[in-house]
Amino acid sequence: MCDYLLHLPALAEQTEQADALSDALSDGPSDTPGGVSGERVVVLPVSKGVVASLLSITPEHFSRVLRELQTEGLIDMQQRTIRLLAPDRLAQRR
């Protein structure tokens, strides 16, 4: 899931539909544009439930992991907008 968040900016530019996003997840880029250091803001292109489905996890598990990442100070989240506060630490958590 951390990989998804780290690669989301590049994936969002490449795709506009959930099906294309799913394909990109399996064939996605090998490293994050602009590296992993520095704060970034990403926007989930679809609902959290759809993202959970794309990641083959339950929506409840997806929400639980997001809360854990918030508690650890790695992300800040407002609806579909996620601020990656520490991308380098997030990359280590994979």
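Some observations on this one:
- R0 of 22 Å, Cβ-Cβ distance V50-Q92: FRET efficiency to nearest 0.05: 0.25
- Contour minus Cα-Cα distance for E68 and R80 (0.36 nm per residue): 2.7 nm
- Phi-derived couplings, Karplus 6.51 cos²θ - 1.76 cosθ + 1.60 at θ = phi - 60°, listed residue by residue for region 38-50: x, 5, 9, 10, 10, 10, 5, x, 9, 4, 4, x, 5 Hz, with x used for Gly and Pro.
Laboratory data are not the source of any read-out in this text; all were calculated from the coordinates shown. Worth saying up front: this structure is predicted, and the values here are computed from it rather than measured. Every residue, glycine among them, receives a Cβ derived from its backbone with ideal geometry; neighbour counts consider all protein chains shown.
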